[in-house]
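The values are calculated or read from the model by the stated rules, or taken from the named source; none is laboratory data. Not measured: the values here are computed from a predicted model. Cβ sites come from the backbone with ideal geometry, for glycine too, and all protein chains shown count toward neighbours. Side chains are part of the model used for accessible areas, which takes the heavy atoms of the whole protein and leaves out ligands, DNA and RNA. Shrake-Rupley method; radii C 1.70, N 1.55, O 1.52, S 1.80 Å.
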Amino acid sequence: MNDFKKMSNGFLVACMVTVFLASVVNAEKIPKGYNTPIPSAIMTPDKVKTRIGTLDFFDGVPTEETAQLALDHLTFLRGVEVFLNGVPMASIHALVEGYKSIGVTEANHMIVTDKLMDSNPLFLTANTDTVYAFSYFDLEKTGPLVIEVPPGTGPGTVNDAFFRFVVDMGAPGPDRGKGGKYLILPPGYEGKAPEGYFIAKSPSYINLFVLRGFLVDGKPDAAAKMFSEKVHVYPLSQKDNPPKMVITSGSGISYNTIHANDFTFYEEINDVLQKEPIDFIDPELRGLFASIGLQKGKEFKPTPELKKILTDAVAVANATARSLIFHTPQKEAYLYENSYWKVAFIGGNHEWLKDDGAGGRYLDARTLFFYGATVNTPAMVMQMVGMGSQYAMVTQDSKGNVLDGGKTYTLNIPANVPAKDFWSVVIYDPQTRSELQTSDPFPSKNSEADKMIPNADGSIDLYFGPEAPKGKENNWIETVPGKSWFPILRLYGPLEPWFDKTWKPGEIELVK
């Protein structure tokens with residue numbers, strides 16, 4: 001009897017297993033032309049509707065028309081990615097070409113904004129508040145290069161041809177504002193570096209060099225004189241007889257330092273690739289560029305079909321970069337709850353590493369920053385109380401609307417601004433991301449240089465519009481009808497209430 005029960009139970013289990021297996025087979029039917037079940041997820045239907053059109057297949061093989069459509073789309077995608085990833089390279093290239101256009105062509109040539117940076121040059125979000133000294137140098141021509149900076153120099157930086165950080169100078173640099181000699185070594189340098197220098201090595205030949213000096217009594221004279229007379233740049237090989245510095249005024253003149261937003265952009269990238277050592281960017285990025293015909297040692301000669309695709313790609317990529325700036329999707333960019341004030345340097349890492357590298361390279365943050373600004377240094381993200389500067393920008397009014405140069409707006413700057421030195425608001429043109437060109441060459445207000453009228457509580461109301469509201473002329477910044485604009489708030493010597501957010505600016509309010 002027990003044996004019979006055991007046999008019955010075994011038969012029952014076998015039946016259950018058979019039913020289960022049958023259900024599995026039925027769940028994944030054996031398609032025509034196969035002997036076993038095939039997961040539907042690995043199959044491709046004969047027709048697939050997508051955003052680029054209907055894709056046709058014969059048994060998983062694309063038709064010739066579909067293959068051409070998909071491959072053209074791949075080229076389009078690569079063209080978009082080349083733009084978004086190549087903006088830092090193109091921006092450095094444009095700066096160098098801009099400097100050359102006004103006669104700054106050698107390492108010992110330097111531009112000094114002796115009367116401050118006005119709105120004549122096309123220059124990404126430069127400010128009207130500090131004196132700039134800037135230039136570029138070509139280590140392939142000069143070999144190891146010496147840069148002498150005087151005591152009292154404000155923040156200074158050298159960036160390579162991909163806008164990567166090489167070294168800081170002045171207050172945030174190793175000289176700590178006491179001045180000193182820096183030696184920049186070229187890629188591939190293997191010799192022994194001499195003593196007596198702050199030494200840095202660049203991965204590229206072309207490098208950008210910039211110093212900033214602060215106003216004294218609201219005037220640029222002292223800093224301009226210091227830079228013009230005491231900064232020296234020369235090849236190490238000429239240290240015993242350095243060439244005389246040639247200074248060009250960067251004030252009151254018009255020149256362009258901004259990269260192209262059309263097909264020319266790819267030609268700018270090609271110029272950089274042909275100039276620099278092959279390993280100045282990694283193989284992944286080289287492969288991306290090469291996928292659309294941009295490769296060191298090869299002529300960039302796109303076919304009419306490729307040029308047409310890339311012309312479309314750069315238009316979409318340009319729209320994408322502008323969307324990142326003006327409709328920033330990253331929540332971490334915004335400084336406060338229910339506010340449109342945001343930072344341009346998202347992520348707090350000058351190497352653009354997301355979450356300390358766990359999220360890899362923060363590509364959108366890098367594109368956003370370099371599409372709208374220049375210079376890359378750890379000092380821009382460090383919380384240095386009472387030192388350096390901090391920035392905030394806003395591209396919408398309090399209701400989320402784009403700012404209209406034909407309307408009047410107000411911005412309240414609360415009392416006790418947490419800035420040891422001074423604060424300023426400069427407004428910019430969204431087309432050029434340069435200072436807005438109006439009847440005033442300095443579209444800004446500066447707490448050190450401008451006599452703004454405060455409110456009874458110590459706060460200051462700034463006004464923006466095509467005409468000054470009656471009685472508010474001292475607090476007014478002109479805008480242009482038919483154009484948009486956006487402001488950047490800068491705090492020089494930022495204090496703790498800025499970092500702990502117990503002080504915050506008002507929103508941009510439309511005056512009705």
Does any residue in region 226-241 that is closer than 26 Å to G177 by Cβ and open to solvent by 30 Å² or more (accessible area, probe 1.4 Å) come within less than 7 Å, Cβ to Cβ, of a residue that is among the acidic types (D, E) and part of a strand (DSSP E or B) six or more places away or on a different chain, and which pairs are these?
-> H232/E148
What tally of residues in region 216-252 results from selecting those that are in contact with a His (Cβ under 7 Å, 6 or more places away or on another chain) and part of a loop (DSSP other than H, G, I, E, B)?
-> 2
Looking only at region 126-142, decide whether some residue is touching a helix residue (DSSP H, G or I) at 6+ places or on another chain (Cβ under 7 Å), part of a loop (DSSP other than H, G, I, E, B), open to solvent by 10 Å² or more (accessible area, probe 1.4 Å) and modelled with pLDDT of 95 or more.
-> no
Out of P302, P329, which single residue is under 30 Å from W498 (Cα atoms), in a loop (DSSP other than H, G, I, E, B) and at pLDDT 95 or above?
-> P329
Regarding M452, is this residue open to solvent by less than 30 Å² (accessible area, probe 1.4 Å) and without any contact (Cβ under 8 Å) to a residue 24 or more places away in the chain?
-> yes
Log entry, pairs with first residue in region 356-385 being on the phi < 0 side of the Ramachandran plot, second being open to solvent by 30 Å² or more (accessible area, probe 1.4 Å) and among the basic types (K, R), beta carbons closer than 8 Å, six or more apart or on different chains, reads R361/K354; Y362/K354; A365/K354; Y371/R322; N376/R164
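Does region 257-289 hold any residues that are outside any helix (DSSP H, G or I), touching a residue at least 12 places away in the same chain (Cβ under 8 Å) and under 22 Å from the mean Cα position of the chain (by Cα), and which are they? Explain how you work it out, then say what you get.
Going residue by residue through region 257-289, those that are outside any helix (DSSP H, G or I) are 257-263, 276-277, 281-282.
Still in the running and touching a residue at least 12 places away in the same chain (Cβ under 8 Å): 257-263, 276-277, 281.
Selection gives T257, I258, H259, A260, N261, D262, F263, E276, I281.
For (1) of a type in the set (G, A, S); (2) under 24 Å from L145 (Cα atoms), each residue gets a yes or a no:
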| site | (1), (2) |
| --- | --- |
| K219 | no, no |
| S237 | yes, yes |
| P283 | no, no |
| I292 | no, no |
| G297 | yes, no |
| P302 | no, no |
| K308 | no, no |
Would you please list the contacts, defined by Cβ atoms under 9 Å and residues six or more apart or on different chains, that run from a residue in region 290-307 that is touching a residue at least 60 places away in the same chain (Cβ under 8 Å) to a residue that is open to solvent by 80 Å² or more (accessible area, probe 1.4 Å)?
-> S291/R78; I292/R78
Within the set of pairs 6 or more residues apart or between chains, which connect a residue that is under 30 Å from L116 (Cβ atoms) inside region 192-219 to a residue that is aromatic (F, W, Y) and modelled with pLDDT under 95 with Cβ atoms less than 9 Å apart?
-> F214/F422; F214/Y492; L215/F422; G218/F422
Consider T44 against the criteria (1) in contact with an Asp or Glu (Cβ under 9 Å, 6 or more places away or on another chain); (2) within 30 Å of I325 (Cα to Cα); (3) open to solvent by 50 Å² or more (accessible area, probe 1.4 Å); (4) hydroxyl-bearing (S, T, Y): it satisfies all of them except one. Which criterion is unmet?
-> (2)
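Looking at region 466-479 only, could you name the residues that are within 18 Å of Q396 (Cβ to Cβ) and either open to solvent by 30 Å² or more (accessible area, probe 1.4 Å) or without any contact (Cβ under 8 Å) to a residue 60 or more places away in the chain (or both)?
I477
In region 501-512, which residues are open to solvent by 10 Å² or more (accessible area, probe 1.4 Å) and modelled with pLDDT of 95 or more?
Step one: of region 501-512, the residues open to solvent by 10 Å² or more (accessible area, probe 1.4 Å) are 501-504, 506-507, 509-512.
Of everything in region 501-512, those that are open to solvent by 10 Å² or more (accessible area, probe 1.4 Å) and modelled with pLDDT of 95 or more turn out to be K501, T502, W503, K504, G506, E507, E509, L510, V511.
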Please specify each residue of region 433-461 satisfying the condition of being outside any loop (DSSP other than H, G, I, E, B) and either of a type in the set (K, R) or over 28 Å from the mean Cα position of the chain (by Cα) (or both).
-> K445, I460, D461
Test result for Y428, among the hydroxyl-bearing types (S, T, Y), modelled with pLDDT under 95 and under 25 Å from the mean Cα position of the chain (by Cα) | no
Residues of region 337-384 being of a type in the set (S, T, Y), open to solvent by less than 30 Å² (accessible area, probe 1.4 Å) and part of a loop (DSSP other than H, G, I, E, B), which ones?
-> S339, Y362, T374, T377
Which ones in region 162-215 are small (G, A, S), crowded, with 20+ Cβ neighbours inside 10 Å and assigned to a loop (DSSP other than H, G, I, E, B)?
-> G170, A171, G173, S202, S204
